[in-house]
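The values are calculated or read from the model by the stated rules, or taken from the named source; none is laboratory data. Being a predicted model, the structure only gives us computed values, none of them experimental. Don't worry about glycine lacking a Cβ; one is built from the backbone with ideal geometry, like all the others, and counts go over all protein chains shown.
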Amino acid sequence: MSRLDFGRGEKDFMGRVHKMVSAFRYLALASVLSGASLASAAGPNLVSARVPSKLSAELASIPKGKTVNVIVQYRTLTAHDFAQAQSVARFGAAPKSLSLINSVAMTVKSDSLATLASNPNVAHVSIDHPVVEFSTTTDFYDQAVNAPYAWSAGLDGSGIGVAVIDSGITDQGDFSGANGSRLVYSENDNFDGVNNAFGHGSHVAGIVGGDGANSTGASFTKTFKGIAPNVNLLSFRVLDGVGVGTDSSVIAGIESAINLKSTYNIRVMNISLGRPVFESYTVDPLCQAVEAAWNAGIVVVVAAGNDGRDNSMKTNGYGTISAPGNDPYVITVGAMKPEGTATRADDLIASYSSKGPTIVDHIVKPDLVAPGNLTVSTLASTSAAIYTLFPQDQVAESYYVSGGSGTSPYYFTLSGTSMATPVVSGAAALLLQQNSSLTPDQVKARLMKSAYKTFPKVSTAVDPVTGIKYTDHYDMFTVGAGYLDIQAALQNTDTASSTIGSAQSPAVSVDAKGNVYMVTNSSVVWGTSVVWGTSVVWGTSVVSSLSNGESVLTGSSVVWGTSTLSGYSVVWGTSVPAANLATLAAQADAATAEYFGEK
């Protein structure tokens, strides 16, 4: 996600970003309340008490006369429409075409929104939101998901291109190859030609495909190797020097990757960034972009987010999946803790890992979980921003070099769903090397069906900084279909439908009695068939594992809460009285800062 999982300890910068994301989450809640509540709260000084249906609901809160960055989606983007956009957008940067989704990103005065919406060719107008990456290291992450099985079988990702949509990748020794660097393409639009001012993208790339060259040899006691150590890496820099970008910068990067798919055999796209959900995935421009990549034949793997500890809306962390991880097409990944051992039997969910269902559409997410806590991976350079911002996450040379001293110039420790996501991206590359004919839907279905599904019923984690205790239940909204198992996925021979969208993540709904149930669809692989039925994909231990023995699909106070302003009303979109919005805003602002680096 666009927010970085910042490692252990809370910094002033981390605190500012957390408050920004908490404020976003409050705005996201407001955007899904009923139109009547928003209208009554809007008053005469806002753009409109009755927002045109083409405008996202949150645009109603923009005061008159204010400038706002928007993405305008057109039914078909014509030269006439772009000319109109240029005439309306007289502030900030020139309008930018996002042809991938027939859209234009621009800065306008709020008074002009009605003019834009009146164009019959305009389909939807959204705010161009800030996005952030989600990072926080991990020894043993490769063993936990059985990656050595693939390597022993001669699978290392050779020939597969992985697009990393992030803060850029610095070409260092761990991205070497027999024919030179495996960083075969870098694009740094809008970032002054600086390849990696932050460092998050290089860390992510190392988990996907670092080959451990800087930690291999007689003097090394540990080797830090990625999941698919011979993939070709493509860098699309969409985040700035502090790990922040915008919807439009991410969409532009995704469009570039799609255009280069055939040139570099791009089969996988890693997106370890995001922002809160503000509207349905069916109109969200970020979601439209990742669906375009999926439709182009690229497996899109997205971070779930790091808001599993966020109880500001009284949901116990449920309903916190970020966009574009809320899209049902993509593979959305949560984070596990390898616990410093080579076995997965003792691994636990990271308490910060975001949980489903998604706000607005109620999609079952995440799809999978993978190791993401305390992960050692490639450091861009000692001049990268993360190196100086988070000195506690620097890796001591003595940790992996016999007789080493000082700190490593090659490796760094981060935690978060940002780190779990490239583990799954690497696994997808291995599957596609083994069988290049697999479609994105078939890759997703195979990874979900073969996932390891044995979990404890409950686990706890105590933040060593704040002393706050967090409790997690291992239901389908926390761990999805289970823990990534590369060996099982490679050994699986079931072939799901190759139809685009056949592996969409299902939705859940609630009946008049408050019981939650899954909305099945016979056209998707886990809708009605025997092979891909819910008992196989998610497993009974995953679906029914709350501490009180109840199935999550029948509803539970543990999941949804019982108070008036509980998670139940937030997750399911029940209107919250406008008078309580100030209270909710205060709760969001006071939310506990995450500690990304659980022991």
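Results, tabulated for the structure shown:
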item: In the stretch 304-350, the residues that are β-branched (Val, Ile, Thr) and either outside the structural domain of residue 463 (by TED's automatic domain parsing) or at pLDDT 90 or above (or both); result: 320, 321, 330, 331, 332, 333, 349
item: Pairs with Cβ under 8 Å, 6+ apart, first in the stretch 48-62 and closer than 17 Å to residue 103 by Cα, second at pLDDT below 80 and buried (at least 19 other Cβ atoms within 10 Å of the Cβ); result: 56/31
item: Residues being within 15 Å of residue 146 (Cα to Cα) and hydroxyl-bearing (Ser, Thr, Tyr) - total across the stretch 328-356; result: 2
item: Any hit, the stretch 294-303, residues being part of a helix (DSSP H, G or I) and at pLDDT 95 or above; result: yes
item: Residues of the stretch 225-235 classified as closer than 18 Å to residue 181 by Cβ and either at pLDDT below 95 or assigned to a loop (DSSP other than H, G, I, E, B) (or both), total; result: 6
item: Residue that is farthest from residue 294 (Cα to Cα) [pool: residues in the stretch 94-126 that are part of a strand (DSSP E or B) and of a type in the set (A, V, I, L, M, F, W, C)]; result: 108
item: Wholly enclosed strands (runs of 3 or more DSSP E) of the stretch 332-434 bearing at least 2 residues under 30 Å from residue 219 (Cβ atoms) and not small (Gly, Ala, Ser); result: 375-378, 394-396, 407-414
item: Hits in the stretch 496-515 - residues which are more than 22 Å from residue 369 (Cα to Cα) and assigned to a loop (DSSP other than H, G, I, E, B); result: 497, 498, 499, 500, 511, 512, 513, 514, 515
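Here is a yes/no grid of residues against (1) buried (at least 24 other Cβ atoms within 10 Å of the Cβ); (2) more than 26 Å from residue 467 (Cα to Cα):
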site: 253; (1), (2): yes, yes
site: 277; (1), (2): yes, yes
site: 280; (1), (2): no, yes
site: 310; (1), (2): yes, no
site: 324; (1), (2): yes, yes
site: 349; (1), (2): yes, no
